[in-house]
1. Which of the residues belonging to segment 258-274 are surrounded by fewer than 19 Cβ atoms within 10 Å (Cβ to Cβ) and in contact with a Gly (Cβ under 8 Å, 6 or more places away or on another chain)?
2. For segment 24-63, which residues satisfy the criterion of being within 27 Å of Asn124 (Cα to Cα) and either touching a Cys at 6+ places or on another chain (Cβ under 7 Å) or not assigned by TED's automatic domain parsing to the domain that holds Ile9 (or both)?
3. Keeping to segment 54-85, report how many residues are within 26 Å of the chain's Cα centre (by Cα) and in a helix (DSSP H, G or I).
4. Based on what the data block shows, is Leu127 more than 16 Å from Ile335 (Cβ to Cβ), assigned by TED's automatic domain parsing to the domain that holds Ala269 and touching a strand residue (DSSP E or B) at 6+ places or on another chain (Cβ under 8 Å)?
5. Report yes if Lys126 is under 20 Å from the mean Cα position of the chain (by Cα) and more than 25 Å from Tyr339 (Cα to Cα), otherwise no.
6. Looking only at segment 86-131, count how many residues are assigned to a loop (DSSP other than H, G, I, E, B) and either touching a His at 6+ places or on another chain (Cβ under 7 Å) or among the hydrophobic types (A, V, I, L, M, F, W, C) (or both).
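The values are calculated or read from the model by the stated rules, or taken from the named source; none is laboratory data. Computed from a prediction, not measured in an experiment: that's the story for all the values here. When we count neighbours, we look across all protein chains shown, and the Cβ atoms used for this are built from the backbone with ideal geometry, even at glycine.
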Amino acid sequence: MKKLKFAIIGCGRISYKHVEALVHNKEEAVLAATCDVVLENAKAKQEEYIKKLGESVEVKVYEDYKEMLDKEAIDVVTIATESGYHPEIAMYCMNKGIHVIIEKPMALSIKDAEEMIKCAKENNVKLCVSHQNRFNKPIQMLRKSIEENRFGKLTNGTARILWNRNMGYYEQAPWRGTWALDGGTLMNQCIHNIDLLQWMLGGEVDTVYSQCDTFIRDIEGEDFGAIIIRFKNGAIGIVEGSACIYPKNLKETLDIFGEKGTVCIGGLAVNKIESWRFENNSEEEAAILKSQEEDPDSVYGFGHTPLFKDMIDAINNDREPLVNGEQGMKGMSIILAAYKSRLTGLPVKFPMENFSTLDMVGIQEEA
C-alpha cells in the first residue's frame, strides 16, 4: 500500500505536533508540502520534518494553499490556521477529493460545521477533527469502563481548565480572542476537555446554561467561563475554564462520577489517572497509579500521533475516523450554546439552531 501524501496548511504554534505525528507514522505517510501565508513558517516546518525524519526527502513549500493543491498530488491536508478560516479551507480541499484533518474548533458556527460534514459525505472523503486527547491512554481506559457500564448510572462530571494566557500570548497573534477568528477561552483553551466531558457523559445534550465574562485580558472573547450541561441521560456536566490563573497554568482535570465508580484524571494534558475507584478494585487502582507515563512536553499531549494513525487507517479501510465531523461538532456546539446563553441570560435547549461567535460581536460594549 502506497504512502499517503500529506500537506500542512498553517505552520504556527500547533503545527510541530503535526510534523511529529507524520514522522512517527512514516511507514504509512509522508509530508509532501507545507503552506503558510508567512513563507518562513512553512520553510521552518519543512526543515523540522526533514531533520526529525533523519533522511533526505523533498518537501515543497508554498504561501498559497490553492496553488499548492494545483501543483501537488496531495491525499490528506492538515489544517492548523486561524479557527475562523477552517471551514473555507477545509471545504475547498474536500471539493478537490482530499481528506482533511482539522485543528479544533472545526468551525465557529453551527451552519459551517454542518456544511463541512455534508461536504465530506458528498465528496466521499474523510473529515477528522483533531481532538487528540481522546487517544490518551487514561482517557481510552475511562471510555472503555463507561462502555462496560462499570460506573452504573452516570451522575455527573467536571472539566476544569485552570490556565494562564497573558496579554503577550494574545498580542503575539492578534486573531486570538477575537469573535471573528477565535472566540474566547472556552472555544480556544477549553474545547478539548469539554469534548472529553461530553464524550464520557453521553454526548446527547438537553440544555446548556453559562456565565462568562472578560475579567482581565483585553480581548473580545471571555477569559473565564462556567457552563452547566444537562445531558439527555440525566447526567450533569460542569465546566470551569480560565485563562487568568496567576501566575501560570495550574491544572487541567476531568472527573467522572457514577453510582459504582469514580475516576479523576489530571496531569499536564489530562494524561494521568489520579483516582480509579470501582467495586473491589483496590489492586487494580494501585497498579494503574504506579505504572503511568511521564507528562508530555506540552499541554498538546501525546495524542496527535495515534489520531493521525487512526485517520490513515480510516482512509485505507474506508471507515469513519474516531473523531469525525459529527463528533468534532459536539464540543463546539456546547460552547456556542454557552455563548448564546451568555447573550440571552437563559438556558439553551438542544437541538440548537444556527449560532456563531460573530453573534457575540459587541457584547462587551453593551455590557
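1. Glu259, Lys260, Leu268, Glu274
2. Across segment 24-63, the qualifying residues are Thr34, Asp36, Tyr62.
3. 7
4. Working: more than 16 Å from Ile335 (Cβ to Cβ): yes; assigned by TED's automatic domain parsing to the domain that holds Ala269: no; touching a strand residue (DSSP E or B) at 6+ places or on another chain (Cβ under 8 Å): yes.
No; evaluated as a whole, the condition is false for this residue.
5. yes
6. So the count comes out to 8.
Per-residue answers, yes or no, for (1) within 22 Å of Met106 (Cα to Cα); (2) crowded, with 21+ Cβ neighbours inside 10 Å:
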position	(1), (2)
Lys3	no, no
Ile14	yes, no
Glu28	no, no
Asp36	yes, yes
Glu47	no, no
Lys52	no, no
Val77	yes, yes
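Quick grid of which residues meet (1) under 18 Å from the mean Cα position of the chain (by Cα); (2) at pLDDT 95 or above; (3) polar (S, T, N, Q):
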residue: Asp182; (1), (2), (3): yes, yes, no
residue: Ile191; (1), (2), (3): yes, yes, no
residue: Leu197; (1), (2), (3): yes, yes, no
residue: Met200; (1), (2), (3): yes, yes, no
residue: Thr214; (1), (2), (3): no, yes, yes
residue: Arg230; (1), (2), (3): no, yes, no
residue: Ser242; (1), (2), (3): yes, yes, yes
